[in-house]
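Colleague: Sharing a structure here in structure tokens format.
The values are calculated or read from the model by the stated rules, or taken from the named source; none is laboratory data. From a predicted model like this one, the values you see are computed outputs, not experimental measurements. Note that we place each Cβ from the backbone using ideal geometry, even for glycine, and neighbour counts take in every protein chain shown. Accessible surface areas use protein heavy atoms only, side chains included; no ligands, DNA or RNA. Shrake-Rupley method; radii C 1.70, N 1.55, O 1.52, S 1.80 Å.
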Amino acid sequence: MTDENGRRMPVWEIVLRYALLLGVLALMIGPFLWQLSTSLKGPHENIFSSPPKFLPGSPTLHNYERVADTIPVWDYALNSLKVAAANVVTNCVGATLAGYALARLRYRGRRAATVVFVLAMLVPVEGIIIAQFTTMRELGLNNTLIGVLLPGCVSALNVLLMRNAFLNLPYEIEEAAFVDGANVWQRFLRIALPAVKGTLAVVAIFAFMGAWDDFLWPLIVLSDPDRFTLTIGLNYLHGTFANDERLVAAGTVIAVLPLIVLFACLQRYFFRGVGEGAVKG
């Protein structure tokens, strides 16, 4: 095995690298696997045994049935899915258009607009959440899923990600298209956009995760239990059955599963982002 410079790596360095990778893997995946194991354990299994027992003795899905019987978890999941899907669409469309305008178009005030997006990332959400709530109330969007969606429909981070992706594209390609008579929309849709699919997948994953995992803003803006998102619903589950860790673990697995499915579907585009902007022959 060789390193990035072609130098043969000593055995101790290989062992050290793999040990560090396994340690990071255990820290990242271990808690989820433990929650999954706990959710599959029956009521007669001791989940606090010492030493801890990782594999369930008699795996069962009864805890997931109990979650559905305790709270309308699938209704909450549907509400979260509506908000997350809409958030993905608005972020992909809005961030792509704004990023292309910041990176490729020439107009007065472009640098100032970029600075505004950078400064927007420095403002903590807690500092503007009262202003957001007041705005939603004036618009009559309190206690609606649109009110949950609107403040995060276009993220400044996603705009800057798309801007950097478009900046990596060679100007010669667009100049050639311009000479051939392509207008700005044709250059955007046929040349620039297909070249940044990897970054677009990153934006989609970030937008979905941000909306799906959001807890504070839906908790503030929603008051009708029928419109609760999954994070709020699971919080009520934990508050009511704080001593039943199996039930909480099953609800946690239900909440994490869509994120795993999304990343599994988009991972091929996610890892392509490194080579975006290269000229292909």
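Colleague: Each residue of segment 95-107 in order: what ³J(HN,Hα) in whole Hz does its phi give by Karplus 6.51 cos²θ - 1.76 cosθ + 1.60, θ = phi - 60°, with x for Gly and Pro?
Modeller: Running phi through 6.51 cos²θ - 1.76 cosθ + 1.60 with θ = phi - 60° gives 5, 5, 5, 5, x, 5, 5, 6, 8, 10, 8, 10, 7 Hz.
Colleague: From Cα coordinates alone, what are the radius of gyration and Dmax values for segment 155-259 in angstrom?
Modeller: 21.5, 69
Colleague: Which aspartates and glutamates, if any, have their Cα less than 16 Å from the Cα of K53, not counting same-chain residues under 8 positions apart?
Modeller: Answer for K53, where 16 Å is the Cα cut-off: E45, E245, listed by chain and number.
Colleague: So how much accessible area does M162 have, in Å² to the nearest 10, using a 1.4 Å probe?
Modeller: Roughly 0 Å² of M162 is accessible to a 1.4 Å probe.
Colleague: A further question on this structure: Of all chymotrypsin sites (Phe, Trp or Tyr not before Pro) in segment 42-86, which ones are in loop regions per DSSP and have a Cβ with at most 15 other Cβ atoms within 10 Å?
Modeller: Here the sparse-neighbourhood loop sites are F48, F54.
Colleague: Using a 1.4 Å probe and counting only protein heavy atoms, arrange H44, H62 so the residue with the most accessible area comes first.
Modeller: Result, largest first: H44, H62.
Colleague: Something else: Taking the Cα centre of the chain as origin, work out the dipole magnitude from +1 charges on Lys and Arg Cβ and -1 charges on Asp and Glu Cβ, in debye rounded to 20.
Modeller: 900 debye
Colleague: Let me ask something else about it. In Å², and per residue, what accessible area does the chain have when probed at 1.4 Å with the other protein chains present?
Modeller: Heavy-atom SASA per residue in the chain reads 60 Å².
Colleague: Rounded to the nearest 20 Debye, what is the dipole magnitude of segment 1-93 about its Cα centre when Lys and Arg each give +1 and Asp and Glu each give -1 at the C-beta?
Modeller: The calculated dipole for segment 1-93 is roughly 180 debye.
Colleague: Ratio of Rg to Rh for segment 179-238, alpha carbon only, Kirkwood?
Modeller: For segment 179-238, the value is 1.33.
Colleague: For the chain, what is the calculated [θ] at 222 nm in deg cm²/dmol (nearest 500), taking -39500 (n - 2.57) for each run of four or more DSSP H residues and dividing by its residue count?
Modeller: -21500 deg cm²/dmol
Colleague: What percent of all Cα-Cα pairs in segment 1-135 falls in each 10 Å bin, counting up from 0?
Modeller: In whole percents, the pair-distance histogram is 8, 16, 19, 21, 24, 10, 1.
Colleague: Subtracting the Cα-Cα distance from 0.36 nm times the residue separation, let me have the gained length for N168 to A264 in nm, one decimal. Walk me through the numbers before you get to the answer.
Modeller: Working: separation 96, 0.36 × 96 = 34.56 nm, distance 2.63 nm.
Full extension of this stretch gives 31.9 nm more.
Colleague: With loop defined by DSSP as not H, G, I, E or B, and exposure as at most 10 other Cβ atoms within 10 Å, which is the longest segment of the chain clear of exposed trypsin sites (Lys or Arg not before Pro)?
Modeller: Longest gap between qualifying sites, sites excluded: 109-279.
Colleague: Provide the convex hull volume over Cα atoms per residue for the chain, in Å³. Please list the in-between numbers first.
Modeller: Numbers: hull volume 57.1 nm³, N = 281.
Given the Cα convex hull of the chain, per-residue volume reads 203 Å³.
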